[in-house]
Structure formats: C-alpha cells, structure tokens
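The numbers here are math on the coordinates, done by the rules we state, and not lab data. Bear in mind that the values here come from a model prediction, so they are computed numbers and not experimental data. As a convention, Cβ positions derive from the backbone with ideal geometry for all residues, glycine included, and neighbour counts pool all protein chains shown.
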Ligand SMILES: Nc1ncnc2c1ncn2[C@@H]1O[C@H](COP(=O)(O)OP(=O)(O)OP(=O)(O)O)[C@@H](O)[C@H]1O
C-alpha cells in the first residue's frame, strides 16, 4: 500500500504524516472529548437537584468542543482536498510525460480509449480517494481509538462487550471483501471498454455510415454500455456484501453491552452515568465504524485504479540518447542485422542489412504484410530493434536525442494527417519559421499551389478536422509539401502517391526526386511504375530483402520483382470492356 502510494506520488505518505497527522489527531480527539464532558454532566444531573448554573458551563463546553471540531474538520478537508487536487494534476502530468517517452510505435498500437480511461477515470478515482475519503477515514479511526482507550480506563468488561461486535464483524468482512475486489476489476474493465467502444464509434462514424455499418457498430457500443451498467449494479451488490455483513455483526455489540451493563449496574460495579455514557459511545462507535467500512469498500475501487495507474507508469520508456544531430546534408544510412517482431513470437523483419547512400532514393517494394512500413518505422525510431541497429552517418540511431532526431526526419504517411487550422498553419508544422514564399515554393513542387489559391481564403483557409473539405489527393499533396518544407536530411514516404491521379502522380514523383538531391529518401511503393527511376530498389518478402538493384536490372532477372511487375502490367491493361470481350 505504502509502496503503491510512493509510486504514484513519491514521498507522499511521509508528507501526509508530517502535514496532516497533527490535524487528524486533533480532529479525532475533539470528536472523542465531548463524551467525557457528557459523563460529567450526567453525573451532576443524577447527583441530585442542581442549579442551572452548575451544568450550563458543561453544556457550553460540549458546544465549544463541537464547534472547534467543526473548524478543525474544515481545515482537514481543505488540506486533503487541496492535496488530492495537486496529486491528480501531478499524476496526469507525469503520465503525459511518460507517454511522451514511449516509443511512437507503442502509442500507435495502444487503444486510445484504454489510455484515456487511465488518465481521466483512474486519476479521478485517485483524486477522490485523497480529497474525500482518506481524511474522514483516518480521523474516524483515531476517534474510535481514543474512545476505546478512554472507556477501557473506566470499565474493561463493558469496553470488551462494546467491542465484541468488532471481533465477529471483521473476519466476515475480510472473507467477503475478495468478492468486491474481483467485481471492482470487472467494473473498471467494463468502463474502459465502454469508453474505447464509444471513442472508436465517434471517430469512425463517417466511414461506418459510408459503408452502412453504423448500425452494426452501434450494437457493439450498445453491448459495451449494457455490460458497464450490469457490472456497475453487480459492484453495488457485491462490494456492499462485506460491509453489510460487518455492520450487522457489529450491531450485536449493543444488546451485549446492555446485558453486561445491566448486570454490572445491578451488582453496583458501575454507576448509571457511566452506563449511559457507554451506551452513547457504543452507538457513536458503531456509526463511525459502519461509515468507515463503507468508505473502505469504496476505496477498493480506488485502489484498483491506483494499480492501473502504477502499471502504466511502470511501462518501460524508450531510452533517450544525448548526441545532437549536426547533419549539414543528406544522411548515409546503414542497416545492420535488423530483426523485429511486434511482441508476438513471429518475426516481421529478419536480419536486414543494407546501405542507403546519402542523397539517394531507395524504393521499398513487396507484397502486402512483407514488413515495408515496419522497416520505415525503425528508421524513424518508432521502435528499437536490438541487437541489430540503424547507423546514421555511422552513429547508432539510439545515441541521438530522440526529439532532435525526429525533428530532422520528414514522414509522409499512407493516410494524410492534417490538423484543424489554416492551410499555412498545417504547412508550418514542419517549419514554424518558413516564409510565405517558402510555403509557396514547396507547394508548387508538390503540385498543390494552384488548388490552395482556389480555396476561399487561399493559404489562410481554415481546414476542419483531418481536412475534411479536401480530396484524398489534395490532402496527400499538402502533406508532401510539408515534408519538402522541412528540408529534412531523411525523408520516409509510405505509399504517398496511392491516391493521386496519373498527372499529379508524375508531378509528385518529380518532386520526390528533387527532394533526393537534398535528402536521403526511402519510399514505399506498391505501384512499381513509380519506382523505375529509383537509385535502388529493395524487394521485401516475409521480412527479408530477396532482391536489390535498379529497375532495369531487376526486371531482367527472374524473381519476385519480375512477377510483381508482370502482374501489374496485366492489371493496367485490364479494362471492364476488355474483360467482358475476353
Ligand atoms: N502495430 C502493429 N502491431 C502488431 N503487428 C503489426 C503492427 N503493424 C504491423 N504489424 C504486422 O507486421 C507485419 C508487417 O506489417 P507492415 O505494415 O510492415 O507490412 P507492409 O509490407 O508495409 O504492408 P502493406 O504493404 O500492406 O502496408 C504484418 O503481418 C502486420 O500484421
């Protein structure tokens, strides 16, 4: 428990002990003291006829103690609440920093809904635990301790009778607690799934509607939400089972106290004032203990949340290097025995070695799933692939500072990524200092200047999320312009011309070749006619380079490249009319 707390907030419990404990002790003491004054008051009342002036000060003392206790309770509340809020803020920042240090590949792989459930829901639970639960729990516990100690000094037998319910209730609660814990896990899991399903549904709504699948996917969201409700109701029942059994057994202490109390009173061992005080204390103890156990049941869920946060904090981060890249021109890239798998037993890449000469354009071709995108991701250090390595100008990629490295790599993804904002702002993501003339020059090279000028406000036109108002080809050309603008020494292009018409495709091809004069380019392509001018072509099959060379050379030798080329030529000659005549 302390270990877990230390992980979420290093040094927290020592700080809590130092700052909160004195207030919590005072709160517990002020809650217990009025019972002592009550004893004095009843003794005076039963001693015989007395003046109002004799017991009025005692009443005022009780009232004063209760008032002081309210003030202290408020201080405790302010302290713990402020602490909980800061803890949540610190935790969210630490988690966000931690996620930033994850390999990009892991971020792409992980479910966004699951991560947001930890960052939002679980951190919220941790905050609730510290803001609203822990203070009252500790001060109630201290008050119960003070009362039991004080009453034991008055009469041991009555104290034992009063606490007898505890001896019965605690084992029952400990036994039934496990059910509540298991159910808390199921509920949190159902919550995360419901969140992930809703997020996925909202993000994919456009695609789902276009394919008439919105109904089918909605059924998945519906199912996830129903499961969440079921698990939530089950949690209410299962988590309450332990505390309810505890409370029923605890209450047995009151009749037992009455029996023992009457017997001792009749025997003259205790006086009526003390017996009445015991009864009052017993009722207060039972109420506080019942509330404490209910609070603890609630804290079980919070503890589960804390464990999920700790598990996320424990996930390894990508080791950062310290060397600053100081490259003036294109990079020489060497691959040495690269092997990689995504965590499963299957290797996606096996012992890849090769050179990408500085300023060259290397095309990566091969069947779907052969590992082309995976290799490109390793060059951008989305993942590491030890014991193999990537050398940039002869230096291990892992020696470079990660953020600086990724700033010097331009990537054009298969699916164009645009953000909400103006066209110019999207372009300047690559180079914040770029002038308007530089933007326009890059856009001319990427064949998108003309269509941008035709937009209502030209370069200042606001784009909505993911550039919904642009065609696929237009978005892709914008992304290529962005990569050109970055003037990165290494450019990775993943099937970037797939959604362009032949005319624009030819223009982009020229732009990519111009880019290769200033950068080293690795281009993934399915359409082989787009790679005929590449300086070298690597043919990938099941994670291995099975052929390498220039287009003419590869076409002249039997092998996968020739087979793929012939298949694509047949596909290009194919037309519906021709097929029907055949
Ligand atoms: N994030 C991931 N997690 C697990 N497996 C993955 C992941 N990305 C890719 N894979 C698997 O790795 C293998 C290679 O995938 P990769 O995307 O590198 O192939 P590719 O040659 O680029 O395919 P395509 O031409 O269809 O884009 C495939 O079997 C794929 O299922």
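Which percent of Cα pairs goes in each bin when the distances of the chain are cut into 10 angstrom slices starting at zero?
Distribution as computed: 3, 12, 17, 18, 14, 10, 9, 7, 6, 3, 1, 0, 0 percent.
What do the square roots of 5 times the Cα gyration tensor eigenvalues come to for the range 162-321, in whole Å, largest first, as semi-axes of the equivalent ellipsoid?
Rounded to whole Å, the semi-axes are 52, 19, 11.
Against the longest principal axis of the chain, how steep is helix 436-445, in degrees 0 to 90 to the nearest 10, with axes from Cα atoms?
60 degrees
For the peptides 169-179, 318-328, 539-549, what is the packing order when you average, over each peptide's residues, the other Cβ atoms within 10 Å and list the highest mean first?
The packing order, highest mean first, is 539-549, 169-179, 318-328.
Restricting the calculation to Cα positions, tell me the Rg (one decimal) and the Dmax (whole number) of the range 1-68 in Å.
Here Rg and the maximum Cα pair distance are 19.9, 63 Å.
What does the convex hull of the Cα atoms of the range 414-459 come to per residue, in Å³, rounded to a whole number?
It comes to 89 Å³ per residue, whole-number rounded.
Please report the orientation-averaged projected area of the range 77-131, defined via the convex hull of its C-alpha atoms, in nm².
Numbers: hull surface 14.0 nm².
Value for the range 77-131: 3.5 nm².
Per residue and in cubic angstrom, what volume does the convex hull of the Cα atoms of the range 333-575 have?
138 Å³
On C-alpha positions alone, give me the angle between the axis of helix 502-515 and the longest principal axis of the chain, in degrees, nearest 10.
80 degrees
Rg (Å, one decimal) plus Dmax (Å, integer) for the alpha carbons of the range 397-499?
13.5, 47
How far is helix 21-46 tilted, in degrees, relative to the longest principal axis of the Cα atoms in the chain, given as a value from 0 to 90 rounded to the nearest 10?
Taking Cα atoms only, the helix is inclined about 20 degrees.
On each of the three principal axes of the Cα atoms of the range 326-464, give max minus min coordinate, whole Å, ordered largest first.
Here the Cα extents, ordered largest to smallest, are 52, 34, 24 Å.
Shape verdict for the range 64-197, please, from the Cα gyration tensor: rounded (a/c under 1.5), prolate (a/b greater than b/c) or oblate.
oblate
If packing is taken as the mean number of other Cβ atoms within 10 Å per residue, what is the order of 369-376, 427-434, 556-563, highest first? Walk me through the numbers on the way to the answer.
Numbers: 369-376: 21.2, 427-434: 15.9, 556-563: 13.9.
Ranked by mean Cβ neighbours within 10 Å, highest first: 369-376, 427-434, 556-563.
For a test of the definition: using alpha carbon positions, the gyration tensor, and the 1.5 limit on a/c, classify the range 226-318 as rounded, prolate or oblate.
prolate
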